[in-house]
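Notes for the one structure printed next.
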2 protein chains.
Amino acid sequence: MKGLMQDWPLLVHRVLDHAARWHGEREIVSRSIEGPVHRQSYRDLDRRSRALASASKKHLKAKKGSVIATMAWNGYRHMEIWYGLMGLGAVVHTLNPRLFTEQLIYIINHAEDQWIFTDLTFLPIFEKLQDKLPTVKGFVVMTDRAHMPVGTKLSNVICYEELLGQGDEGFAWPRLDENTACGLCYTSGTTGNPKGVVYSHRSNVLHAMTITGADAFALHSRDTTLPVVPMFHANAWSLTFSCPMAGAKLVLPGAKLDGASVFELLDTERVTMTAAVPTIWLMLLQHLEQNPTLKLPYLERVLIGGASCPEPMMRAFIETYGVDVIHAWGMTEMSPMGTLSRLKGSMLDLPPAEKWKEKLKQGRPGFGIDMKITDDKNEELPHDGKVFGRLKVRGPAISSAYFKGEGVAAFDADGWFDTGDVSTIDEWGFMQITDRSKDVIKSGGEWISSIDLENAALGCAGVAEAAAIGLPHPKWDERPLLVVVRKAGTEVSKDEVLAHMTGKVAKWWMPDDVAFVDDIPHTATGKISKLQLRERFRNYHLPTA
Amino acid sequence: MKGLMQDWPLLVHRVLDHAARWHGEREIVSRSIEGPVHRQSYRDLDRRSRALASASKKHLKAKKGSVIATMAWNGYRHMEIWYGLMGLGAVVHTLNPRLFTEQLIYIINHAEDQWIFTDLTFLPIFEKLQDKLPTVKGFVVMTDRAHMPVGTKLSNVICYEELLGQGDEGFAWPRLDENTACGLCYTSGTTGNPKGVVYSHRSNVLHAMTITGADAFALHSRDTTLPVVPMFHANAWSLTFSCPMAGAKLVLPGAKLDGASVFELLDTERVTMTAAVPTIWLMLLQHLEQNPTLKLPYLERVLIGGASCPEPMMRAFIETYGVDVIHAWGMTEMSPMGTLSRLKGSMLDLPPAEKWKEKLKQGRPGFGIDMKITDDKNEELPHDGKVFGRLKVRGPAISSAYFKGEGVAAFDADGWFDTGDVSTIDEWGFMQITDRSKDVIKSGGEWISSIDLENAALGCAGVAEAAAIGLPHPKWDERPLLVVVRKAGTEVSKDEVLAHMTGKVAKWWMPDDVAFVDDIPHTATGKISKLQLRERFRNYHLPTA
């Protein structure tokens, strides 16, 4: 027996329909690449997205299944492309301008991008790359005629506003199956080539519904939201879907992400909710410290994800500026939100120190995200906050495969996706990342968290940076080596470092040796490259081995 | 090109999975039919729902597609049946004990109910009806052995706790298609037989996701929620789905819905959010007025729907008790929520009187509900707050048909459901019901709201009750007749009533005549029966005709 409810597929254009019809007057404020602050409404976004879709269909031959790339900051034109092309059934491939040239070439060719929409900022990149991109038919420059580049070496260049001007603002969206692909975003692992995550209309809509929820981002129509997190970084954490869904005013920061520029938008636009990685907030907090008269009177909550939120940062927002912090964790493969550190009703009577401890964890999943930790035999581990295991997730907005069938090892037969993270889950259901599974040190069948070792070492005077890796050991399989960069002008010794760590980690976790180096290698995104470090210490012999 | 996201059907049991796994410790507090307050956790609910499903499969032969009825108050056992049977793929048919006997017989036979789960309260009803219910195999009495009725005339009676005790708490839910039917609720129109609304797993889950949203009920895990609105009244407005989804503590009131009993639960359980029809709140406010020391310190918001919220009621909650009011409108066919009067960000600068005017309207739809008003030619009418037309709705949790193909006239070719209501929509997108479409008076091709006429007459001294109906007119097609019941001991005249109304409604809306009667007929739910009234005045001759 079937239910007798309406057939209403979950399509991304319905989010825009809703915003235009019930929140049509609400603003999208963009710091434009050309300079001035630009203002339009959701009604305008709808009108212009339809025109762009119509013109792209006619002039770019864009259709269902066409993969079309953008390299752009957060701005109104990026949103028009987003909704216009997705509405058409095309797949929007967001390119991260911070990737290395070789990665960009690989990704564009792997995706077989047909066109690239680009901000003025990125023309020099494509002038250099264009000869290596055989599938790309041309470039749409996201500006008006007056700002089009003169004497560019790019071939087949189209002016965005001229293209859009040829479109039909009353264009009717085609009816699509809700499982149709609409977005493509590559995730650059530390090993191997980047892998493509393919979002569907259904996954984006369901994820945005979860995200607007009162225990997630709690987005409503009285919010003014500043997504500092870029649209090329996993859907701007869904905010470019969930804000129109909620009727929230959107403030899009363009290319200027420094502390002063972000503060200016927070203040002049009276932003109530904002989201970014810790690096951005470090810049903002430094700007505020340097200008002690500045306050954050409108901001109610800040979402911090992408990397663990340090306690001093959380305390600064909450205690100094009266802004609540929502600590979050997710992955490109998760659309991207996984967990949020929102306290539960049953935790309200915990002592303050306990509450802080929980808020600093990555938190718990909302409806539509299931999560478990397992041992190496795929047996589920208990939620005791101590045992850690591989973190696996399941849900309707989580990858079941990568583009073109790569990276199959991440998906198990029961449909769970292995995040590659290692974590604990406590009795409240709060998850805490303890390591990456490839970085964890396997000693005598048990796991040692490399991150915990590093944190224990970091407090030692004279230690500027520390990294722990596992090295082969005849008896224990692996044992930890701690690699340390000394602070300039200090001469901290192995014994001093180990003495400092004693009592902070289990006795059998203690490193078998400490090696001092001048520098520790980092990835493009600033994380310690354990891969390169392991390579560098490949022939190192532990004194205990 | 398909998205590469996981196949994760939207099934009702996933709501319970989520609650048990991430909010397992959270309480469900029930005022039991046997007397004492009963407490269990979401973990218990999960365990017992699985046991009930397993036992029902084995002993009641319940399976996918089985229609099984409940006649029960809001309580933990009702929720176990709800999740247990839906999880099995069966269809839970909630019976409204307030229906007339003939309607109950019709509904049970039309649905072909196989079993009836009943609270102790309702045994006398079924003792009388059982011989007229050929499809019903027996009755499961929702109590334990100690409280089972002695000497009941009901045949084939099973004790709920004994049945459940034979089930397997580790029962695994079958994998179902998300469009599988899971609920059946009859809506009793004022004309014809009741019609069955068939909910699917998908519609209930999507609706609950909308409902938990920050601009809808804003349910989160720190909430304690008291659904006074019964589970047999259109899914308790989704609260029995959306509270477990959010991890909110649930307080279920059982059979006692008077002011003192509702207050007691609000106070002792520290309820933060509650929902019911205006009648319930009238009883609560009267109880509070009679006991001036009583306050509502924990309650943050009250949801009022089912009938229009009177301004004095809204002012009492907001101004006297500091409790926000969310005025809502919906229908059984809409799962049931349609609109909520949550002010938007763009309305925050309106003068207070304007805000009050908007809050008293039925409000605006959330994502997943589309809405329009049309004229008799199905042309959409503008959102100006003045023009009124037929209110039509569309969305994934809105009926596409009634059970067994009845009532086809309510569904148009484009997929819109005609609510039978007549309303305006203003420039903010706020909808206000002005009439039922069958009660509106069609005069010279234009519509006159019978409700507006009644409200204009009600303020006149000497008028106890008033009802407006359209009577045939040779020139204007229809013209209004106002039917009035005088207050006891007064002798208000036609001219006095009309003089009072002058200026309150458009000149051409003024009734052509006023008829004085001793009583006005009402329906089972207390509304004026325009149908009976039109019947009574069938041969009445308007002086203008």
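The values are calculated or read from the model by the stated rules, or taken from the named source; none is laboratory data. Note that the structure is a prediction, hence the values are computed from the model and not measured. No Cβ is skipped: glycine too gets one built from the backbone with ideal geometry, and neighbour counts run over all protein chains shown.
Do you know which residues across the range B:227-248 are more than 23 Å from A:Met347 (Cβ to Cβ) and either of a type in the set (Ser, Thr, Tyr) or within 13 Å of chain A (Cβ to nearest Cβ) (or both)?
B:Asn235, B:Ser238, B:Thr240, B:Phe241
So, in the range B:15-52, of the ones that are part of a helix (DSSP H, G or I) and within 17 Å of B:Ala72 (Cβ to Cβ), which residue ends up nearest to the other protein chains (Cβ to nearest Cβ)?
Looking at residues that are part of a helix (DSSP H, G or I) and within 17 Å of B:Ala72 (Cβ to Cβ), I get B:Leu45.
Looking at (1) within 26 Å of the chain's Cα centre (by Cα); (2) in a helix (DSSP H, G or I), find the lone condition where A:Leu99 falls short.
Among (1) within 26 Å of the chain's Cα centre (by Cα); (2) in a helix (DSSP H, G or I), the lone unmet condition for A:Leu99 is (2).
Go through the range B:462-486 and give me each residue that's assigned to a loop (DSSP other than H, G, I, E, B) and either surrounded by 17 or more Cβ atoms within 10 Å (Cβ to Cβ) or modelled with pLDDT under 90 (or both). Explain how you work it out, then say what you get.
Pass one, the range B:462-486, residues assigned to a loop (DSSP other than H, G, I, E, B): B:462, B:474-476.
Residue satisfying the conditions is B:Trp476 alone.
Can you pull out the residues in the range B:343-357 that are within 10 Å of B:Phe430 (Cβ to Cβ) and within 13 Å of another protein chain (Cβ to nearest Cβ)?
At the first step, the residues of the range B:343-357 found to be within 10 Å of B:Phe430 (Cβ to Cβ) are B:343-344, B:347, B:357.
B:Leu343, B:Lys344, B:Met347, listed by residue number.
Which one of A:Glu300, A:Glu311 is modelled with pLDDT under 95 and among the charged types (D, E, K, R)?
The unique qualifying residue is A:Glu311.
For the range A:503-527, what are the residues that are under 20 Å from A:Trp447 (Cα atoms) and surrounded by 11 or more Cβ atoms within 10 Å (Cβ to Cβ)?
Hits for the range A:503-527 are A:Lys504, A:Val505, A:Trp508, A:Trp509, A:Met510, A:Pro511, A:Asp512, A:Asp513, A:Val514.
Taking the stated definitions as given, is B:Leu4 within 9 Å of chain A (Cβ to nearest Cβ), at pLDDT 95 or above and over 25 Å from the mean Cα position of the chain (by Cα)?
Taking the combined requirement at face value, the residue satisfies it.
Might you check whether a residue that is surrounded by fewer than 24 Cβ atoms within 10 Å (Cβ to Cβ) and more than 20 Å from A:Asn179 (Cα to Cα) occurs anywhere in the range A:202-211?
no
Of everything in the range A:274-289, what is in a helix (DSSP H, G or I) and under 20 Å from the mean Cα position of the chain (by Cα)? Give them in sequence order. Lay out the reasoning, then the answer.
We begin by selecting, within the range A:274-289, every residue in a helix (DSSP H, G or I); these are A:278-289.
Across the range A:274-289, the qualifying residues are A:Pro278, A:Thr279, A:Ile280, A:Trp281, A:Leu282, A:Met283, A:Leu284.
Would you tally the residues in the range B:241-265 being surrounded by fewer than 24 Cβ atoms within 10 Å (Cβ to Cβ) and among the polar types (S, T, N, Q)?
1
Which of the residues belonging to the range A:428-446 are out of contact with any Gly (no Cβ under 6 Å at 6 or more places or on another chain), farther than 30 Å from A:Lys344 by Cα and not charged (D, E, K, R)?
If the condition is that a residue be out of contact with any Gly (no Cβ under 6 Å at 6 or more places or on another chain), farther than 30 Å from A:Lys344 by Cα and not charged (D, E, K, R), then A:Val440, A:Ser443, A:Gly444, A:Gly445 are the ones that fit.
What tally of residues in the range A:480-495 results from selecting those that are closer than 18 Å to A:Glu454 by Cα, out of contact with any Gly (no Cβ under 7 Å at 6 or more places or on another chain) and not polar (S, T, N, Q)?
7
Only one of these is in contact with a Pro (Cβ under 8 Å, 6 or more places away or on another chain) and in contact (Cβ under 8 Å) with a residue 12 or more places away in the chain: B:His23, B:His59, B:His38, B:His13. Name it.
B:His23
Are any of the residues in the range B:147-161 basic (Lys, Arg), in the same structural domain as B:Ile81 (by TED's automatic domain parsing) and in contact with a strand residue (DSSP E or B) (Cβ under 6 Å, 6 or more places away or on another chain)?
Filtering the range B:147-161 for residues basic (Lys, Arg) gives B:153.
Of the ones still in play, those that are also in the same structural domain as B:Ile81 (by TED's automatic domain parsing) are B:153.
If we keep only those that are in contact with a strand residue (DSSP E or B) (Cβ under 6 Å, 6 or more places away or on another chain) too, we end up with none.
No, that holds for no residue.
A:Ala307 fails exactly one of the following numbered conditions: (1) assigned to a loop (DSSP other than H, G, I, E, B); (2) within 13 Å of chain B (Cβ to nearest Cβ); (3) of a type in the set (Gly, Ala, Ser). What is the number of that condition?
Checking A:Ala307 against (1) assigned to a loop (DSSP other than H, G, I, E, B); (2) within 13 Å of chain B (Cβ to nearest Cβ); (3) of a type in the set (Gly, Ala, Ser), the one that fails is (2).
Which of the numbered conditions does A:Asp418 fail, given that it passes all the others? Conditions: (1) touching a helix residue (DSSP H, G or I) at 6+ places or on another chain (Cβ under 6 Å); (2) farther than 26 Å from A:Ala234 by Cβ; (3) not polar (S, T, N, Q).
(2)
Checking A:Pro244 against (1) closer than 26 Å to B:Ala218 by Cβ; (2) not assigned by TED's automatic domain parsing to the domain that holds A:Asp44, only one condition comes out false. Which one?
Result: A:Pro244 fails condition (2) only.
Answer with yes or no whether A:Lys64 is modelled with pLDDT of 95 or more, among the basic types (Lys, Arg), in contact with a Pro (Cβ under 9 Å, 6 or more places away or on another chain) and more than 23 Å from A:Pro230 (Cβ to Cβ).
When the stated conditions are applied, A:Lys64 passes them.
Only one of B:Val271, B:Val251 is part of a loop (DSSP other than H, G, I, E, B), within 14 Å of chain A (Cβ to nearest Cβ) and either among the hydrophobic types (A, V, I, L, M, F, W, C) or touching a Gly at 6+ places or on another chain (Cβ under 8 Å) (or both). Can you tell me which? Show your work before the answer.
Working: B:Val251 fails: part of a loop (DSSP other than H, G, I, E, B).
Unique residue meeting the criteria: B:Val271.
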